[in-house]
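Novice: Okay, handing you the structure first.
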Amino acid sequence: MTADTLTVANVRVPGRDGAWDLFVADGKVRELAPHVPNAARPEGRVIDGAGLLLMPALTDAHTHMREPGQEWKEDIASGLAAAAAGGFSNILCMANTDPVNDNGAITRFMLRRARDAWPSGPRLFPIGALTVGLRGRELAPMAELAAAGCVAFSNDGEPVADTEIFRRAMEYAADIAPVIDHCEDPFMAKGSGANEGAMSARLGLRGQPDAAEAIQVARDILLAEYLNVPIHLAHVSCRRSVELIAAAKKRGAPVTAETCPHYLLMTDAALLGYDTMAKVNPPLRSDDDRLALIEALREGVIDILATDHAPHAAHEKETPFEDAKNGISGLDTALAALWELVRQGRLAATDIVTRFAWRPAEIFKLPVNRFAPGDPADFLLFDPDDSWVVTPESLRSKGKNTPLLGQPLTGRVVLTAVDGVVVHDLKAPGA
């Protein structure tokens, strides 16, 4: 489809009373105005939004697209299909591809694959490696990576143990793009997939203590304050980290942080039966940690939501727990799953908009729609009452590895538009 004149009529908008009409022209928001029944509308397509919520399209600051080199898990085309179905217009993808995205040629390849597969979006924004090969010994050519199209740098999956190297990386990146850190002490049960506590003891699994994350969070905060250089903390999972981040922000430290839907919705009880679908890194924690994260997100201590979309092939999960890969496939289900917290009153719809659309775009300087005239017409329509069951067939991602398989969800993205072009329409033939 091409960008054209488009009207979305009679929708509800989080944070605004009454019904609204969105008018789009040439890929931009022309106006968001109160709905007037039977009013004359501009020529072009009209979408009836009765019963639907209109929200800005989401930005996911943490995904794994797997291409190049691991296309059996996911490729850029299938990953962006999942993004479109999930309501995302902007996708940042981590550097742990094969080969690693530590040079401009890999970055350009990824961007070309995205343009070829989804020329109208969702948009792909690569994250470059912080160190060569993610080995933590030599800085990657960050200026080259940024020139090729990278919008941030990270060693995600392989935290940098050498603090001197990490300090130099932060300093070098400071004038180029943000640094995202996977906060995990690399010597404390790295990648175990289970939280150290009553559940890991009950199951006889090697566990990782929450201190393994908090130690690295504390290090990064101290460096950010000492250097006066920003740091973004990935997939925060526990109360200890939240408390450190809250104290740092009160002091004015240049720190931002994210958490993921699964840390807000699940606990390590999901591991019962040795369910490898719930094996993720950092691991699912206790209910106390979960509640602390919800509160931190609501208060802005945690700045943004991100999926940490980590698709794997079936054979990589259908193994003994200790051998299974860490990760949950999350793009398809993120908004629908989070909506349960809105239903419970633990989060407001405006929290979702702020933390999953506006704030990540601000941090990483990406296109954002606040429904002001001239904003990019990146939006989604969400049916909060559509009940559906998560099945492998309902997921556009190649990765079917989610603990939500077989579970009912209430709420679904029915349409996604990027720059005024509809890239996902659940009601379209063949959708």
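Novice: Across 5 Å bins from 0, what is the distribution of all Cα-Cα pair distances for the stretch 55-108, in whole percents?
Specialist: In order of increasing distance, the bins hold 5, 21, 29, 22, 15, 7, 2, 0 percent.
Novice: Within the set of other residues whose C-beta is less than 11 Å from the C-beta of Phe88, count the net charge using Lys and Arg as +1 and Asp and Glu as -1. Please report the intermediate quantities before stating the final value.
Specialist: Details: positive: Arg123; negative: Asp60, Asp332, Asp378.
Value of the local net charge: -2.
Novice: Identify the trypsin sites (Lys or Arg not before Pro) of the stretch 291-335 meeting these criteria: DSSP loop state and at most 10 other C-beta atoms within 10 Å of the C-beta. Write out the running numbers ahead of the final one.
Specialist: On the way: sites: Arg298, Lys317, Lys325; in loops: Lys325.
Nothing satisfies the criteria.
Novice: Given charges of +1 on the Cβ of Lys and Arg and -1 on the Cβ of Asp and Glu, with all other atoms neutral, how large is the dipole of the chain about its Cα centre, in debye to the nearest 20?
Specialist: 320 debye
Novice: How about the stretch 318-391: which GluC sites (Glu not before Pro) there lie in a loop by DSSP and see at most 13 other Cβ atoms within 10 Å?
Specialist: Values: sites: Glu318, Glu322, Glu340, Glu362; in loops: Glu318.
Answer in residue order: Glu318.
Novice: Return the tail of the calculated pair distribution for the stretch 138-190, meaning the percent of Cα-Cα pairs more than 16 Å apart. Walk me through the intermediate numbers first.
Specialist: On the way: 551 of 1378 pairs.
Cα-Cα pairs of the stretch 138-190 separated by over 16 Å account for 40 percent.
Novice: Please report, in debye to the nearest 20, how large the charge dipole of the stretch 188-264 is about its Cα centre when each Lys and Arg carries +1 at its beta carbon and each Asp and Glu carries -1 there.
Specialist: Values: 9 positive and 7 negative charges, 24 e Å.
Once rounded to the nearest 20, the dipole reads 120 debye.
Novice: Let me ask another. Please compute the length gained on full extension between Trp72 and Ser394, using 0.36 nm multiplied by the number of residues separating them and subtracting their Cα-Cα distance.
Specialist: Values: separation 322, 0.36 × 322 = 115.92 nm, distance 1.85 nm.
114.1 nm is the gain from fully extending Trp72 to Ser394.
Novice: Take the alpha carbon gyration tensor of the stretch 129-273, find the square roots of its eigenvalues, order them as a ≥ b ≥ c, and report rounded if a/c is under 1.5; if not, report prolate when a/b exceeds b/c, else oblate.
Specialist: prolate
Novice: OK, next. At His315 and Arg370, where each label point lies 7 Å from the Cα along Cα→Cβ, what is the point-to-point distance in nanometres?
Specialist: My value for the distance between the label points is 5.1 nm.
Novice: Accessible surface of Thr63 in the full protein assembly, 1.4 angstrom probe, to the nearest 10 Å²?
Specialist: Thr63 has an accessible surface of roughly 0 Å² with all protein chains in place.
Novice: Taking amide H positions as placed 1.01 Å from N in the peptide plane, with prolines and chain starts having none, which residues 5 or more places from Asp386, or on another chain, fall under 5 Å of its amide H?
Specialist: For Asp386, whose amide H was placed from the backbone, the distant partners under 5 Å are Gly411, Arg412.
Novice: While we're looking at this one, here's another question. Could you order Asp98, Asp375 so the one with the most accessible surface comes first? Probe is 1.4 Å. Please list the in-between numbers first.
Specialist: Numbers: Asp98 90, Asp375 30 Å².
I get Asp98, Asp375, largest accessible area first.
Novice: Moving on to the next point. Out of Thr7, Asn90, Val36, whose Cα points farthest toward the positive end of the dipole of the stretch 1-103 (charges: +1 Lys, Arg; -1 Asp, Glu; placed on Cβ)?
Specialist: It is Val36, whose Cα lies furthest towards the positive end.
Novice: If you restrict to DSSP beta bridges whose two residues both lie in the chain, what percentage is antiparallel, to the nearest 5? Show your work: numbers first, answer last.
Specialist: Numbers: 28 of 56 bridges.
Taking every DSSP beta bridge within the chain, about 50 percent pair in antiparallel fashion.
Novice: Given H placed 1.01 Å from N in the peptide plane, which residues other than close sequence neighbours of Ile328 have an amide H under 5 Å from its amide H?
Specialist: Ala310
Novice: For the chain, with a Gaussian network of springs between Cα atoms less than 10 Å apart, report the residue from Leu32, Leu381, Leu271 with the top mean-square fluctuation.
Specialist: Looking only at Leu32, Leu381, Leu271, the biggest GNM fluctuation is shown by Leu32.
Novice: A further question follows. Given a 10 angstrom Cα cut-off, can you work out which residue in Gly345, Gly149, Gly330 is the most mobile in a GNM of the chain?
Specialist: With Cα springs under 10 Å in the chain, the top fluctuation among Gly345, Gly149, Gly330 is at Gly345.
Novice: Can I ask one more? Could you tell me which residue out of Pro119, Trp72, His62 lies farthest along the dipole of the stretch 36-136 toward its positive end? Charges go on the beta carbon: Lys and Arg +1, Asp and Glu -1, centred on the Cα centre.
Specialist: About the Cα centre, the residue reaching furthest to the positive side is Pro119.
Novice: What whole-number value in Å² describes the accessible area per residue of the chain for a 1.4 Å probe? The partial results should precede the final answer.
Specialist: Details: 16110 Å² over 431 residues.
I get 37 Å² per residue for this part.
Novice: Short version: ³J(HN,Hα) in whole Hz for each residue of the stretch 92-101, in order, from phi by Karplus 6.51 cos²θ - 1.76 cosθ + 1.60 (θ = phi - 60°), x for Gly and Pro, what are they?
Specialist: 9, 10, 6, 8, 7, 8, 9, x, 4, 7
Novice: Measuring from centroid to centroid over Cα atoms, what is the spacing of the stretch 246-317 and the stretch 214-229 in Å?
Specialist: 20 Å
Novice: Whole-Å semi-axes of the chain's equivalent ellipsoid, largest first, each the root of 5 times a Cα gyration tensor eigenvalue? Don't skip to the answer; put the middle values down first.
Specialist: Numbers: eigenvalues 227, 117, 91 Å².
Taking √(5λ) for each eigenvalue gives 34, 24, 21 Å, largest first.
Novice: Please find, in a Gaussian network model of the chain (springs between Cα atoms separated by less than 10 Å), the residue of Phe356, Phe187, Phe166 whose mean-square fluctuation is greatest.
Specialist: Phe187
Novice: Out of residues 5 or more away from Asp4 or on other chains, whose amide H comes under 5 Å of its own, with H placed 1.01 Å from N in the peptide plane?
Specialist: Answer set, sorted by chain and number: Asp26, Gly27.
Novice: Separate question: Defining a contact as two alpha carbons under 8 Å apart and six or more residues distant in sequence, what relative contact order in percent does the stretch 160-212 show?
Specialist: Details: 41 pairs, mean separation 14.9, N = 53.
Relative CO of the stretch 160-212 lands at 28 percent.
Novice: Still on this model: With θ set to phi - 60° and the Karplus curve 6.51 cos²θ - 1.76 cosθ + 1.60, what are the ³J(HN,Hα) couplings of the stretch 54-65 in order, to the nearest whole Hz, using x for Gly and Pro?
Specialist: 9, 9, x, 4, 8, 10, 9, 7, 8, 9, 10, 8
Novice: From the cross-link list Lys400/Lys427; Lys398/Lys427; Lys250/Lys279; Lys190/Lys250; Lys325/Lys365; Lys73/Lys427, which pairs have alpha carbons spaced over 26 Å apart? Kindly include the intermediate steps, with their values, before the conclusion.
Specialist: Numbers: Lys400/Lys427 23 Å; Lys398/Lys427 22 Å; Lys250/Lys279 34 Å; Lys190/Lys250 30 Å; Lys325/Lys365 32 Å; Lys73/Lys427 28 Å.
Flagged as over cut-off: Lys250/Lys279; Lys190/Lys250; Lys325/Lys365; Lys73/Lys427.
Novice: Report the Cα centroid-to-centroid distance between the stretch 395-421 and the stretch 157-180 in angstrom, as an integer.
Specialist: Distance between centres, Cα-based: 34 Å.
Novice: Pull out the extension gain between Lys427 and Asn38, defined as 0.36 nm times the separation in residues minus the alpha carbon to alpha carbon distance; nm, one decimal. All intermediate terms of the calculation are to be shown ahead of the outcome.
Specialist: On the way: separation 389, 0.36 × 389 = 140.04 nm, distance 2.37 nm.
Once the chain is fully extended between Lys427 and Asn38, it gains 137.7 nm.
Novice: State the Cα centre-to-centre distance between the stretch 318-389 and the stretch 109-128 in whole Å.
Specialist: When both Cα centres are located, 20 Å separates them.
Novice: Something else about it: If you wrap a convex hull around the C-alpha atoms of the stretch 1-159 and split its volume per residue, what is the figure in Å³? If you can, show how the numbers build up before the last one.
Specialist: Details: hull volume 21.2 nm³, N = 159.
Taking only Cα atoms, the stretch 1-159 has a hull volume of 133 Å³ per residue.
Novice: Let me ask you something else. Of the trypsin sites (Lys or Arg not before Pro) in the stretch 349-431, which ones lie in a loop per DSSP and count no more than 15 other C-beta atoms within 10 Å?
Specialist: Numbers: sites: Arg355, Lys365, Arg370, Arg396, Lys398, Lys400, Arg412, Lys427; in loops: Lys365, Arg370, Arg396, Lys398, Lys400, Lys427.
Hits after loop and neighbour filter: Lys365, Arg370, Lys427.
Novice: So what's the net charge close to Gly133: Lys and Arg +1, Asp and Glu -1, counting the other residues with Cβ under 11 Å from its Cβ? List each step's numbers first, then the result.
Specialist: Numbers: positive: Arg135, Arg137; negative: Asp98, Asp102, Glu138, Glu158.
So the environment of Gly133 carries a net charge of -2.
Novice: Another question about this same structure. Show me, for the stretch 376-392, the HN-Hα J-couplings you get by feeding each phi into the Karplus relation (A = 6.51, B = -1.76, C = 1.60, θ = phi - 60°), rounded to Hz, glycine and proline as x.
Specialist: x, 7, 9, 8, 9, 10, 10, 9, x, 10, 6, 9, 8, 10, 6, 10, x
Novice: Given only helices, namely DSSP H runs of n ≥ 4 each adding -39500 (n - 2.57), what is the per-residue ellipticity at 222 nm of the chain, to the nearest 500 deg cm²/dmol? Please report the intermediate quantities before stating the final value.
Specialist: Values: 13 runs with 122 residues, N = 431.
The per-residue figure over the chain is -8000 deg cm²/dmol.
Novice: Please report, as a whole percent, how much of the solvent-accessible surface of the chain comes from carbon and sulfur atoms (probe radius 1.4 Å). Mind dumping the intermediate values first?
Specialist: On the way: 8240 of 16110 Å².
Here it works out to 51 percent.
Novice: Would you tally the net charge around Arg412, using a Cβ to Cβ cut-off of less than 15 Å, leaving Arg412 out, and scoring K and R as +1, D and E as -1? Spell out each step's value before the answer.
Specialist: Details: positive: Arg343, Arg396, Lys427; negative: Asp332, Glu340, Asp383, Asp385, Asp386, Glu393, Asp425.
So the environment of Arg412 carries a net charge of -4.
The values are calculated or read from the model by the stated rules, or taken from the named source; none is laboratory data. All values derive from a computational prediction rather than experimental measurement. Note: ideal-geometry Cβ built from the backbone for every residue, glycine included; neighbour counts use all protein chains shown. Protein only, heavy atoms only, side chains kept; ligands, DNA and RNA dropped before computing areas. Shrake-Rupley method; radii C 1.70, N 1.55, O 1.52, S 1.80 Å.
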